[in-house]
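A.B. asks: I'd like to ask some things about the structure below.
The values are calculated or read from the model by the stated rules, or taken from the named source; none is laboratory data. Values in this document were obtained by computation on a predicted structure and should not be read as measured data. Cβ atoms come from the backbone with ideal geometry, glycine included; neighbour counts cover every protein chain shown. Ligands, DNA and RNA are excluded from the accessible area calculation, which covers all protein heavy atoms including side chains. Shrake-Rupley method; radii C 1.70, N 1.55, O 1.52, S 1.80 Å.
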Amino acid sequence: MAVNPPDEPPTGLIASVRAVGREPEPARSGQRWGFGAFLLVEAIFILSAVFITAIARTSGTDLGNSVAFILVGSIVPTVLAATVAVVITYLRGNGPWQDLRLGWDWADVKVGLKLGALGLVLTYVAAVVWSRVVGDQNATSAIGELVDGAALPLGAAVAMFLYVCFLGPVCEEVIYRGLLWGAIERQRWSRWAAFTLTTLIFAASHLEPLRTSLLIVIAIPIGIARLITRRLTASVVAHVVNNFLPGLTLLLVSVGVMPA
């Protein structure tokens with residue numbers, strides 16, 4: 001009987017999930033960072049967002065209509081936090097490729113595409129239910145609220161699309177299913193514990209209480225991709241796929257092709 005290599009998921013997504021054991025991951029030598037690193041990165045994310053907003057307010061910027069504020073306020077905090085996360089792995093560990101499990105494998109890409117497509121379906125269904133519960137007037141994201149009412153020029157709209165669909169997912173995966181997941185594993189907790197905690201913290205960290213339950217649903221397929229492959233590539237791909245249609249919609253709305 002053929003045996004799957006330790007780092008390769010079994011055939012089939014359901015079988016792969018069932019095969020996930022409750023034993024902790026083997027300890028990684030050289031990793032000298034943990035929850036403190038994640039807390040530092042999360043603090044940088046929040047404080048940089050607050051600082052940018054404060055600077056904009058004190059300068060008299062119209063936050064709802066400033067293209068520069070929309071771009072800087074949306075992109076900089078996440079990119080800055082992810083950059084610090086990567087730097088920490090160099091200073092206190094083995095680098096991002098080993099510590100954050102960024103190894104490349106085409107099998108991981110396939111898993112990510114499948115779970116990303118599944119995530120799109122779940123997100124659509126959950127969003128419909130959620131909008132009926134909270135009302136259409138409340139059914140928007142923080143970035144959606146920023147863009148709503150601001151007629152972005154084409155260059156800015158494209159930049160937001162690239163951030164929402166590609167750069168943002170990469171940075172968020174580095175922070176949550178890379179740094180945070182690795183910190184949990186360092187405590188010798190199981191992969192299921194890492195999946196559960198990163199899913200909940202990912203949803204809560206968006207600081208959108210009304211959307212937290214929806215974000216949990218969105219995060220589940222992305223987390224499963226990380227869970228069954230043990231690498232970050234699959235969750236990055238799943239996240240990119242899941243964000244593509246919302247990002248495209250945001251682009252079309254912001255340039256006036258679609259009604260808001």
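A.B. asks: Where does the chain land at 222 nm, in deg cm²/dmol rounded to the nearest 500, when only DSSP H runs of n ≥ 4 count, each adding -39500 (n - 2.57), divided by all residues?
C.D. replies: Here the helix-only value at 222 nm equals -21500 deg cm²/dmol.
A.B. asks: Assuming 1.002 mPa s and 20 °C, estimate D for the chain with Stokes-Einstein, Rh taken as the Kirkwood radius over Cα pairs, in µm²/s.
C.D. replies: Translational diffusion coefficient: 112 µm²/s.
A.B. asks: What accessible area per residue, rounded to a whole number of Å², is obtained for the chain using a probe radius of 1.4 Å?
C.D. replies: 49 Å²
A.B. asks: Sticking with this structure for a sec: Note down the nm distance, to one decimal, between modelled labels 7 Å out along Cα→Cβ at LEU113 and at LEU252.
C.D. replies: The answer from the label model is 2.3 nm.
A.B. asks: Convex hull over the alpha-carbon atoms of the stretch 157-211: what's its volume per residue in Å³?
C.D. replies: Each residue corresponds to 81 Å³ of Cα convex hull volume.
A.B. asks: Radius of gyration and Dmax for the stretch 1-118's Cα atoms, expressed in Å?
C.D. replies: Using the Cα atoms of the stretch 1-118, the pair Rg, Dmax is 20.2, 70 Å.
A.B. asks: Please list, by residue number, everything in the stretch 32-58 whose backbone N is under 18 Å from a paramagnetic label point 7 Å out along Cα→Cβ of TRP97.
C.D. replies: none
A.B. asks: Now a separate question. List the residues whose amide H sits under 5 Å from the amide H of ARG231, counting only those 5 or more places along or on another chain, with H placed 1.01 Å from N in the peptide plane.
C.D. replies: Distant-sequence amide H within range of ARG231: zero hits.
A.B. asks: How much length, in nm to one decimal, is gained on full extension between ARG132 and THR212, taken as 0.36 nm per residue of separation minus their Cα-Cα distance?
C.D. replies: So the extension gain works out to 27.3 nm.
A.B. asks: At 0.36 nm per residue, minus the direct Cα-Cα distance, what do VAL50 and VAL17 gain on full extension? Give it in nm, one decimal, please.
C.D. replies: Separation in residues times 0.36 nm, less the Cα-Cα distance, equals 8.0 nm.
A.B. asks: Turning to a different aspect of this structure: What's the carbon and sulfur percent of the chain's accessible surface, probe 1.4 angstrom, rounded to a whole number?
C.D. replies: That share works out to 69 percent.
A.B. asks: Kirkwood hydrodynamic radius for the stretch 30-71: how many Å is it when counted over pairs of different Cα atoms?
C.D. replies: For the stretch 30-71, the Kirkwood estimate is 12.1 Å.
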